[in-house]
2 protein chains.
Amino acid sequence: MAVITAVDTVDIRFPTSVSLDGSDAMNPDPDYSAAYLVMRTDAGDGLEGHGFVFTIGRGNDVQTAALQALAPYLIGEDVDTLLADMGATSQRLVGDSQLRWLGPEKGVMHMAIGAGLNALWDLRAKRAGQPLWLHLATLSPEEIVSLVDFRYLTDALTPDEALQILRAAEPGRAERIARLRDEGYPAYTTTPGWLGYSDEKLARLCREAVDDGFGQIKLKVGANLDDDIRRLRIARESVGGQIGIAIDANQRWDVPDAIAWVAALAEFDLAWVEEPTSPDDVLGHAAIARGVAPVPVATGEHAQNRVIFKQLLQAEAISVMQIDATRVGGVNENVANLLLAAKFGVRVCPHAGGVGLCETVQHLAMFDFVSVSATIDDRCIEYVDHLHEHFVTPTVVERGRYRAPEAPGTGAEMLSASMAGYAWRAAAA
Amino acid sequence: MAVITAVDTVDIRFPTSVSLDGSDAMNPDPDYSAAYLVMRTDAGDGLEGHGFVFTIGRGNDVQTAALQALAPYLIGEDVDTLLADMGATSQRLVGDSQLRWLGPEKGVMHMAIGAGLNALWDLRAKRAGQPLWLHLATLSPEEIVSLVDFRYLTDALTPDEALQILRAAEPGRAERIARLRDEGYPAYTTTPGWLGYSDEKLARLCREAVDDGFGQIKLKVGANLDDDIRRLRIARESVGGQIGIAIDANQRWDVPDAIAWVAALAEFDLAWVEEPTSPDDVLGHAAIARGVAPVPVATGEHAQNRVIFKQLLQAEAISVMQIDATRVGGVNENVANLLLAAKFGVRVCPHAGGVGLCETVQHLAMFDFVSVSATIDDRCIEYVDHLHEHFVTPTVVERGRYRAPEAPGTGAEMLSASMAGYAWRAAAA
């Protein structure tokens, strides 16, 4: 028997605002940060569980304090029991009535619980000697269903319906695993499109994206319409007619503004418009989707939980679901989100970038391909080529595709030198 | 010129779980708590700004850490400048891009910002020598509109429409102020209905509620249908046919369950069904509202911000809007919520109870009566007779009505002896 002996936390901040990497219409000067958690046990196997919440700087201390609040729920607990029934473990943390009041199931406390669950998943996958995507992909449909909290979902998705989706995807799992290992998973790149970049840098990075084999790029928009038109023209001229160009407003608009603004950009044949308005505004997204059709609407990186995703799907508000690895209640809630997308037939193109989001979310997309949606058509994972050097098993993107990771775990583990070097303030629970 | 010199915080917890006060189907054993903030200045006038976030125990340390994160935004700032334009002050805090990432505009960080703004309102009202409700009620329509962040609202409510609502309510302000001072504001009581109470205690408290002059009581439901039927029968027999009985499920149900459960309680002539499902589920509430009509649906104590309220109104999902004094972005966002309710013609019956919620939310309801909706018909503020003794100016409810407070400030100020006596852990920023 082994128990959890420590839940150590670190407030890690990278000074990305200096170079305006990551700048957009709502976030002019982010400092990419991670409220980071390391779970240790007395198993003597040398394995640790790593998890984190991505933030953009100030407030990362608050997020780290929320991680510390998990320690009493974890320290001294039997590791095998926690890992053997991750559905029950998730319910125990997410369902704690006193912690739940702080959301419920949203914001700082919910993201912290998600990071705690993800650290447990990291430990479980390492113990199994598998990368998370493969570990999840080899579970039975019943085991996968047992991970999901169906509370608030049953008007859209029942456990039986989820089971049917997963059983329908069982044939061909082995072939899809082999295909992933052979071909990887398509990526698109946001590297060229940050709002703070000059026109020259934009054009150069667009050409590089094409040379690097990406089939789609994304530009930040929403600060100034004339600038957006000029930048989209530069991008379209730089990438040619065969490459998709998505735009991302990062919640900048009200509903009427979004519809008018996107109409003014119609000539650029947009792959999608992302986060046109508040991520809480299901009805607003639905109105925008009707107003900008046939341009697809995408959102999800700030969707707080499965209840928001359920409604976005019910209201036909999105054509592209963008799950995020650290915004919701961990792997468990993202499994629910993937099942919802499959039920409604909406494609999933995960949000990534930041710090560590590429490393972690790729596992969810690959699991989805093998065991849930069973398709890769029209799908792609966001990619930004920043900060990967800080991870033990950094994402590998080649010729515009994520290579399937083979290292055990979730990909979250950061190099200890990076943790120490960018620790803004360290604290141990 | 005076500046803010300190933002002191206290983690205050009352051991209410011992007596099962506050027990419901989702929160079996709450410890009513306050993440508390005191703002001090060098003005030499002895005035402090007090604000807090209500929580139910564990995690109150995380909420307190979020209050501490406000200190760098406030300490050293000119008090007159901050207080003179509370719209700009609100935008500066709510709109800080790095803090905003932690929500956005929801959960721990948003509630902390709300508490910071409420502490500034407390200071402003004290400086004016007015209770908050009167202070707000004597602002011009233009000044009131300037408090509101209309971002994400303009598809439902524009600044011009808000101005029209407020101007229409200008005639009669003085009469309504006099009427409030004379008659107070109607209250309903949740004191009898906690789930942990015995049948005998329920019956006794129901009779006492009638004797005390309340026109409506509320019972917690949702754990067991047979128990609910038995308890509602006891309550109806105890209060007679003239007293309203509302029920509160505290988010216990999925959509189909809610409709079936409420149908099984139809014989009891329910005043409303409250929080039938997830507070995030706008479409779910709308489906429930259609399914349980004519029983009114109420929600709001966990509605995270104005964007959720906007949608609940747009979708005709609620007939009763239950604002909460500490869940959203402070007085400013609650002014937006009151304006939305007025625009859609939905009555506001604020959530209270907890600790300090009665003391603070009464000001918003009274301001609404004087200057926004201009009506008191069918409206009432929740009342629970717990923990008022800890406040400097405790709520006074007589013959089932809140007496209009006359003490300057928001009502949030707790006795220093109570702060010290129930401090779980104190920290100064």
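Quick notes on this one:
- For the protein assembly as shown, the calculated P(r), taken from all Cα-Cα distances in 10 Å bins from zero up to the bin holding the longest distance, is 2, 13, 23, 26, 20, 11, 4, 0, 0 percent.
- By the Stokes-Einstein formula, at 0.890 mPa s and 25 °C, chain A with its Kirkwood radius over alpha-carbon pairs has D equal to 114 µm²/s.
- Accessible surface for chain B, divided over its residues, is 31 Å² per residue with a 1.4 Å probe.
- Normalised contact order of the stretch A:289-429, rounded percent, pairs of Cα under 8 Å and 6 or more residues apart: 18
- Largest first and in whole Å, the equivalent-ellipsoid semi-axes of the stretch B:1-150 read 28, 17, 17, each the square root of five times a Cα gyration tensor eigenvalue.
- Threshold 20 Å², the stretch B:274-300 residues less accessible with all protein chains present than alone (1.4 Å probe): B:S278, B:D280, B:D281, B:L283
- Neighbours of B:A168 by Cβ distance under 12 Å: Lys/Arg scored +1, Asp/Glu scored -1, total +1.
- Close amide H partners of B:A246, meaning residues 5 or more places away or on another chain with modelled amide H under 5 Å apart, are B:I217, B:K218, B:L219, B:A271, B:W272.
- Inter-part distance where the stretch B:4-26 and the stretch B:113-144 are each reduced to a Cα centre, Å: 25
- For chain A, carbon and sulfur atoms together expose 50% of the accessible surface, with a 1.4 angstrom probe and every protein chain in place.
- q = 0.10, 0.20 Å⁻¹: log10 I(q)/I(0) that the Debye formula gives for the stretch A:203-328, counting C-alpha atoms only: -0.31, -1.08
- Label points for A:T5 are taken 7 Å from Cα along Cα→Cβ. From this copy to the others they lie 4.9 nm apart, shortest first.
- For the stretch A:251-321, alpha-carbon Rg relative to the globular expectation (2.2 N^0.38 Å, N residues): 0.99
- When only alpha carbons are used to place a centre, the stretch A:349-425 and the stretch A:314-331 end up 17 Å from one another.
- Under 18 Å, Cα to Cα: Lys pairs in the protein assembly as shown, sequence gap 8 or more or different chains: 9
- Nearest 10 degrees, 0 to 90: helix B:330-344 Cα axis against chain B principal axis: 50
- DSSP beta bridges confined to the protein assembly as shown are antiparallel in about 55 percent of cases.
- Legend: translational diffusion of the stretch B:1-77 by Stokes-Einstein, Rh = Kirkwood radius over C-alpha pairs, 37 °C, 0.692 mPa s; D = 239 µm²/s.
- Across all C-alpha atoms in the stretch A:103-162, the radius of gyration and Dmax reach 13.8, 38 Å.
- Looking at chain B, the DSSP beta bridges with both ends there are about 55 percent antiparallel.
- Comparing the full protein assembly with the isolated chain (1.4 Å probe, heavy atoms, ligands and nucleic acids excluded), the residues of the stretch A:32-69 losing at least 50 square angstrom of accessible area are A:I56, A:R58, A:V62.
- Helix B:282-292 axis, angle to chain B major axis (alpha carbon atoms, nearest 10°): 30
- Relative to the dominant Cα principal axis of chain A, helix A:107-128 is inclined by about 60°.
- The mean number of Cβ atoms from other chains found within 10 Å of a Cβ in peptide B:151-163 is 3, as a whole number.
- Working from Cα pairs under 8 Å separated by at least six residues, relative contact order for chain A is 22 percent.
- Local electrostatic count at B:D31 - Lys and Arg +1, Asp and Glu -1, tallied over other residues with Cβ under 9 Å: +1
- Cα centroids of the stretch B:172-246 and the stretch B:70-93: 41 Å apart.
- 18 Å tail of the calculated P(r), the stretch B:251-393, as % of Cα pairs: 54
- Trypsin sites (Lys or Arg not before Pro) restricted to the stretch A:165-198 and DSSP loop, no more than 14 other C-beta within 10 Å: none
- Under a 5 Å amide H cut-off, with hydrogens placed 1.01 Å from N, A:G353 pairs with A:C358, A:V384 among residues at least 5 apart or on other chains.
- Each label was represented as a point 7 Å from its Cα along the Cα-to-Cβ direction; for B:T81 and B:R181 these points are 3.7 nm apart.
- Calculated mean residue ellipticity at 222 nm for chain B: -12000 deg cm²/dmol, from DSSP H runs with n ≥ 4 weighted as -39500 (n - 2.57), summed, divided by the residue count and rounded to 500.
- For the stretch B:147-242, the direction-averaged projected area of the alpha-carbon convex hull comes to 10.4 nm².
- Interface residues of the stretch B:87-101, defined as a loss of at least 30 Å² in heavy-atom accessible area between the chain alone and the complex of all protein chains with a 1.4 Å probe, are B:S97, B:Q98, B:R100, B:W101.
- Kirkwood-Stokes translational diffusion coefficient of the stretch B:208-274, alpha-carbon pairs, 4 °C, 1.567 mPa s, µm²/s: 106
- Label positions at B:R204 and A:A264, each projected 7 Å from the Cα along the C-beta direction, are separated by 6.9 nm.
- Surface burial for B against A, with a 1.4 Å probe and both sides summed, reaches about 5200 Å² of accessible area.
- Under 5 Å from the amide H of A:G409 lie the amide H atoms of A:K126, A:Q130, A:L132, each residue being 5 or more positions distant or on a separate chain, with H modelled from the backbone and absent for Pro and chain starts.
The values are calculated or read from the model by the stated rules, or taken from the named source; none is laboratory data. None of these values were measured; they are calculated from a predicted model. Positions of Cβ are backbone-derived with ideal geometry, glycine not excepted, and every protein chain shown enters the neighbour counts. Calculation scope for accessible area: heavy atoms of the full protein, side chains included, ligands and nucleic acids excluded. Shrake-Rupley method; radii C 1.70, N 1.55, O 1.52, S 1.80 Å.
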